[in-house]
Amino acid sequence: MLWSDPEDEPPKDLRDMQETLRRLGLFMALAMILAMIVIGLR
């Protein structure tokens with residue numbers, strides 16, 4: 001790899017979007033678990 005090659009890192013907005021999607025996925029998983037518990041307790 002040459003020193004003049006661009007970095008292999010995605011642009012900042014793409015990284016921000018990936019981080020947001022990861023947080024949203026985690027939140028959705030927690031919400032589903034909570035919903036299952038609530039439904040199970042009824």
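Does Leu14 fit the bill of being part of a helix (DSSP H, G or I), modelled with pLDDT under 95, out of contact with any strand residue (DSSP E or B) (no Cβ under 6 Å at 6 or more places or on another chain) and surrounded by 10 or more Cβ atoms within 10 Å (Cβ to Cβ)? Talk me through it step by step, then tell me what you get.
Details: part of a helix (DSSP H, G or I): yes; modelled with pLDDT under 95: yes; out of contact with any strand residue (DSSP E or B) (no Cβ under 6 Å at 6 or more places or on another chain): yes; surrounded by 10 or more Cβ atoms within 10 Å (Cβ to Cβ): yes.
Answer is yes for this residue.
Asp5 fails exactly one of the following numbered conditions: (1) part of a loop (DSSP other than H, G, I, E, B); (2) modelled with pLDDT of 95 or more. What is the number of that condition?
(2)
The values are calculated or read from the model by the stated rules, or taken from the named source; none is laboratory data. Values in this document were obtained by computation on a predicted structure and should not be read as measured data. Glycine also receives a Cβ, built like all others from the backbone with ideal geometry; neighbour counts cover every protein chain displayed.
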